[in-house]
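The values are calculated or read from the model by the stated rules, or taken from the named source; none is laboratory data. This one's a predicted model, so the numbers in the text were calculated from it and none came from an experiment. A quick note on method: Cβ atoms are made from the backbone with ideal geometry, for glycine too, and the neighbour counts reach across all protein chains shown.
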Amino acid sequence: MRRVVVTGIGLVTALGATVKETWEAMLAGKDGISEITSFDTSRYKVHRACEVKKLNFNGHIITKKPFTVYDCLLASAREAMEDSGLDGYEPLRRDRVGVSIGTLAGELSLFERRLRDHHLNKADGFDIEVALSYPPMTLSTQLAEEFRMEGPNIILINACSSGNHAISWAFDAIREGKVDAMIVGGSDVVPQTEFTHFHNLKSLAPERCQPFDKNRQGLVVGAGAGVLILESLEQARKRDARMYAEVKGYGLSSDGYHMTAPHPSGEGPVRAMEVALASAGLSYKDIDYISAHGTGTPLNDKMETLALQTVFREMAQDIPCSSVKSMIGHTMGAASAIESIVCCMAIKEGAIPPTINYETEDPECNLDCVPNQARECKTNYALNNSFAFGGNNASVVFGRVHLPVERGSVI
Amino acid sequence: MTQPNGSGRADVRKRVAITGIGIVSPLGIGRQEFWTNLIEGRSGIAPIASIDVTSYPCKLAAEVKGFNPADYLGDKGLKYLTKGTKFLTSAIKMALEDARLNTNGHFPEHAGVIIGSALGNYSQTTDYTYNIFKLGPEKLLPMASFDVALNSSINFASVFFKLKGPSRTISSGFTSSMDAIGNAFNLIRSGRDNLLIAGGVEQLSLDSYLIFLLQGLLSGSNNSGPELSRPFGRHRNGFVLGEGGYVVILEELESALSRGAKIYGEVIGYGTTYIGSNRFSLEEKISRVQRVMELALEDGSLSGESLDLIYANGNSSKLLDMIEARAIKGLSGDASKKALVTSVKPLAGECYGAAGALQVVSCVLAMENSLVPPIANLEDPDPECNLNLVTKKALQIDIRSAMVNSLDPAGNGSCLVLKNSSQ
């Protein structure tokens with residue numbers, strides 16, 4: 001079994017167009033929320049979301065909105081690829097580099113825009129260019145074309161845990177030696193369709209996202225993309241690549257309970273976290289930081305706390321456990337990819353981003369959610385949780401890269 | 001059956017058995033009806049009834065008929081479910097019963113579900129979007145979005161059967177369900193999971209019809225002649241659409257044997273890679289499709305010469321059938337001289353994301369019955385597709401190992417290798 005490391009990262013969020021911008025803003029505790037501009041919200045009770053304000057294509061700043069899912073994905077993929085230096089590695093076997101991407105809804109917003117802007121009937125709104133951009137697979141094949149990679153192309157559609165699913169698919173493929181590297185990530189914008197869905201389920205907070213706060217009112221929808229270059233340790237060492245972290249293991253589970261509400265006991269998330277720890281060969285005591293699913297809905301945060309208390313027992317209150325969704329919103333299919341990058345940065349930079357908008361303690365969320373202030377903290381192992389609608393749970397464990405002692409060239 | 005999921009950490013290679021099959025298909029509901037119609041060559045293709053295609057040139061498709069979801073799911077709540085969700089959930093129900101898992105306290109508590117779908121609830125998503133503008137967002141009740149997401153059929157199935165294992169939707173175009181079965185196979189082989197429901201689902205809708213029609217992929221589009229699916233035929237001119245839900249139960253072999261399960265066969269290898277780039281020349285595409293098959297054979301430690309049967313992607317596409325035929329021809333040794341080649345699509349239609357699973361269940365039934373169904377409508381094979389094509393009538397042979405191909409002209413090629421464990 002080969003080891004899998006992260007050798008490049010790229011981020012697009014409401015807080016910034018690069019990893020550096022987003023990370024600095026997160027450590028400063030900034031809120032990316034603003035009035036929604038990509039569609040008219042006058043017929044809704046909620047008017048705010050964490051939309052992406054600009055993209056950075058290798059130094060070239062684009063502010064002309066609206067951005068598509070692929071725009072966000074491409075910008076973060078270019079940053080991650082450049083960061084990794086993978087493209088410049090001469091012996092690279094392009095047929096052994098694949099793409100796995102998670103998304104909630106693909107380019108649904110393009111279809112919306114066409115219907116909306118032209119006041120069309122549904123059948124008239126059927127434009128082949130738009131229709132062809134909707135099947136989510138086009139996201140991964142476009143990336144494969146962009147970077148001339150020829151390995152497998154996989155799209156994972158698992159609601160808000162899509163990013164972690166994409167990472168775990170790639171992790172298995174590299175570990176088993178099927179490929180040497182994967183371009184992995186998630187991307188979503190704020191389609192009006194999804195906004196309406198969450199709005200009408202009364203899942204949205206009107207003003208801001210307050211995970212684990214007693215007065216939390218719901219989630220805030222966000223847009224963004226996160227891309228990681230996963231690579232075999234073997235190849236990363238051969239080409240002397242910078243390594244952010246190692247992917248140590250993952251766990252998947254379902255609640256098998258309800259289409260939208262989580263099982264109140266958190267038993268599904270408990271299984272996902274326990275399998276992830278076992279797969280990483282770690283004990284709960286080894287985890288230094290948890291990137292919470294922490295959506296800010298009353299149900300999720302209470303359930304997640306219970307699940308964390310089950311898995312982390314006496315340490316549940318002591319392990320820093322923050323939700324960056326308080327700052328960048330719930331970026332749906334991109335969320336766990338973005339939060340995986342947060343875990344990598346926590347390991348590499350020795351700092352933990354806060355949960356902002358935290359005011360009132362909730363005895364039902366008795367955690368150290370790193371309230372309002374970022375914290376310096378040495379992190380050897382980080383757990384990234386995503387517990388999506390439909391009870392679709394995926395947890396991934398990241399760790400500091402410990403290189404084996406050299407004995408000849410054996411890794 | 002109740003052991004929790006493993007971590008997949010140890011370097012193990014478990015064997016993976018197929019222990020159940022569930023089918024909702026234009027060729028019939030359930031494996032018996034499906035197989036009888038397949039062997040007798042009764043086509044599921046007929047004039048399209050579920051959507052209005054008056055103003056469009058292609059009039060035929062393979063639609064699911066005579067299907068009553070209440071037989072499998074009960075009456076309750078059916079009105080909230082999409083056609084695709086009913087196909088999938090009913091097919092899963094059949095597969096669990098076929099595997100004797102849903103009765104006698106053998107409910108697979110830690111089972112998971114991995115399903116491939118290229119378009120999923122595409123038309124219901126766009127209907128919901130349209131209604132936001134037509135009716136206004138405030139008019140849409142929460143239940144209006146109960147089952148409209150691409151992956152909500154799979155979510156519903158995991159809730160309906162109270163599954164506790166992974167629930168995953170793979171959407172890699174035409175290879176979606178092959179990639180789902182391949183992924184499930186990998187997860188059981190590595191010791192991570194013990195029992196997974198794997199397969200594919202697609203539903204015919206005006207949206208999906210138009211996507212393929214406007215790309216000129218359907219037989220009879222662009223004035224290309226009569227509508228007929230005839231894979232590897234000299235005058236083939238595109239595919240005829242299909243739909244359905246096709247599911248297999250994959251189970252770790254030892255635990256399947258220990259509960260006395262019927263073993264249809266084993267999955268022994270899976271390969272996938274990108275074949276569809278327009279950067280690739282014709283020759284490159286052919287060698288890539290060949291490479292996919294070699295990857296799956298290597299993964300299963302099987303030589304191509306051991307193959308008795310190849311269930312081809314063969315969907316009657318002008319270019320893709322030729323690429324596949326030449327790729328098969330290129331397999332090392334005498335693989336292409338020995339293996340029989342067939343396709344189920346002229347009878348069951350090209351159900352894109354669900355097609356891999358359609359072919360896998362067809363192949364498993366062929367292995368079980370030692371009978372290879374012919375390629376329907378194939379009167380005049382293309383000399384460029386010079387393979388051991390099974391035509392006109394079914395051939396009785398023992399099938400020890402078989403390969404199933406799934407190809408996306410703009411995406412992956414994926415391939416699965418099966419072994420008959422009764423041999």
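Structure notes:
- Taking the criterion of being buried (at least 24 other Cβ atoms within 10 Å of the Cβ) and either among the β-branched types (Val, Ile, Thr) or under 21 Å from the mean Cα position of the chain (by Cα) (or both), the residues of segment A:220-243 that qualify are A:Val220, A:Val221, A:Gly222, A:Ala223, A:Gly224, A:Ala225, A:Gly226, A:Val227, A:Leu228, A:Ile229, A:Leu230, A:Glu231.
- Looking across B:Leu297, B:Leu253, B:Leu302, one residue alone is surrounded by 24 or more Cβ atoms within 10 Å (Cβ to Cβ) and touching a strand residue (DSSP E or B) at 6+ places or on another chain (Cβ under 8 Å). It is B:Leu297.
- Criterion (surrounded by fewer than 24 Cβ atoms within 10 Å (Cβ to Cβ) and modelled with pLDDT of 95 or more) met by exactly one of A:Glu146, A:Glu129: A:Glu146
- Among the residues of segment A:176-204, those identified as of a type in the set (Ser, Thr, Tyr) and within 21 Å of the chain's Cα centre (by Cα) are A:Ser187, A:Thr193, A:Ser203.
Each row is one residue, and each column tells you yes or no for (1) surrounded by 15 or more Cβ atoms within 10 Å (Cβ to Cβ); (2) of a type outside the set (A, V, I, L, M).
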site: B:Ile29; (1), (2): yes, no
site: B:Thr54; (1), (2): no, yes
site: B:Ala62; (1), (2): yes, no
site: B:Ala70; (1), (2): no, no
site: B:Ala91; (1), (2): yes, no
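- Test: A:Pro262 is surrounded by fewer than 20 Cβ atoms within 10 Å (Cβ to Cβ) and over 14 Å from A:Leu383 (Cβ atoms): no
- Only one of B:Ala402, B:Ala357 that is touching a Ser or Thr at 6+ places or on another chain (Cβ under 6 Å), modelled with pLDDT of 95 or more and surrounded by 24 or more Cβ atoms within 10 Å (Cβ to Cβ): B:Ala357
- Restricting segment A:239-257 to residues that are of a type in the set (Phe, Trp, Tyr) and under 20 Å from A:Val270 (Cα atoms), the residue that is modelled with the lowest pLDDT is A:Tyr257.
- B:Thr125 satisfies every condition listed in (1) under 26 Å from B:Asp207 (Cα atoms); (2) more than 9 Å from chain A (Cβ to nearest Cβ) except (2).
- The residues on offer are A:Ala105, A:Ala131, and the sole one that is small (Gly, Ala, Ser), closer than 30 Å to A:Thr41 by Cβ and in contact (Cβ under 8 Å) with a residue 40 or more places away in the chain is A:Ala105.
- Residues in segment A:266-289 that are at positive phi and either free of Cβ contacts under 8 Å to residues at least 24 places away in the same chain or within 11 Å of chain B (Cβ to nearest Cβ) (or both): A:Gly281 only.
- The residues of segment A:3-17 that are of a type in the set (Gly, Ala, Ser) and touching an Asp or Glu at 6+ places or on another chain (Cβ under 7 Å), listed by number, are A:Gly8, A:Gly10, A:Ala14.
- The criterion of at least 1 residues that are touching a strand residue (DSSP E or B) at 6+ places or on another chain (Cβ under 7 Å), at the interface with another protein chain (Cβ under 7 Å from one of its Cβ atoms) and free of Cβ contacts under 8 Å to residues at least 60 places away in the same chain is met, among helices (runs of 4 or more DSSP H) falling completely within segment B:138-222, by B:152-160.
- B:Ser158 surrounded by 24 or more Cβ atoms within 10 Å (Cβ to Cβ) and out of contact with any helix residue (DSSP H, G or I) (no Cβ under 9 Å at 6 or more places or on another chain): yes
- All positions within segment B:242-292 that are more than 14 Å from chain A (Cβ to nearest Cβ) and more than 26 Å from B:Leu187 (Cβ to Cβ): B:Gly242, B:Glu243, B:Leu282, B:Glu283, B:Ile286
- Filtered residues of segment B:49-95 (kept if over 22 Å from the mean Cα position of the chain (by Cα) and without any contact (Cβ under 8 Å) to a residue 60 or more places away in the chain): B:Ala49, B:Thr54, B:Ser55, B:Ala70, B:Asp71, B:Gly74, B:Asp75, B:Lys76, B:Gly77, B:Leu78, B:Lys79
- Some residue of segment B:363-378 being within 14 Å of chain A (Cβ to nearest Cβ) and acidic (Asp, Glu): no
- Residue under evaluation A:Ala105, criteria (1) more than 18 Å from the chain's Cα centre (by Cα); (2) within 8 Å of another protein chain (Cβ to nearest Cβ); (3) of a type in the set (Gly, Ala, Ser), criterion not met: (1)
- Counting the residues of segment B:351-410 that are on the phi < 0 side of the Ramachandran plot and not in a helix (DSSP H, G or I) gives 36.
- Complete set of residues in segment B:255-294 that are in contact with a Ser or Thr (Cβ under 7 Å, 6 or more places away or on another chain), closer than 30 Å to B:Asp98 by Cβ and assigned to a helix (DSSP H, G or I): B:Ala256, B:Val292
- Hits in segment A:331-360 (condition: touching a Phe, Trp or Tyr at 6+ places or on another chain (Cβ under 9 Å) and part of a loop (DSSP other than H, G, I, E, B)): A:Pro353, A:Tyr358
- Residue within segment B:306-322 that is within 14 Å of chain A (Cβ to nearest Cβ), buried (at least 21 other Cβ atoms within 10 Å of the Cβ) and out of contact with any Pro (no Cβ under 7 Å at 6 or more places or on another chain) present: no
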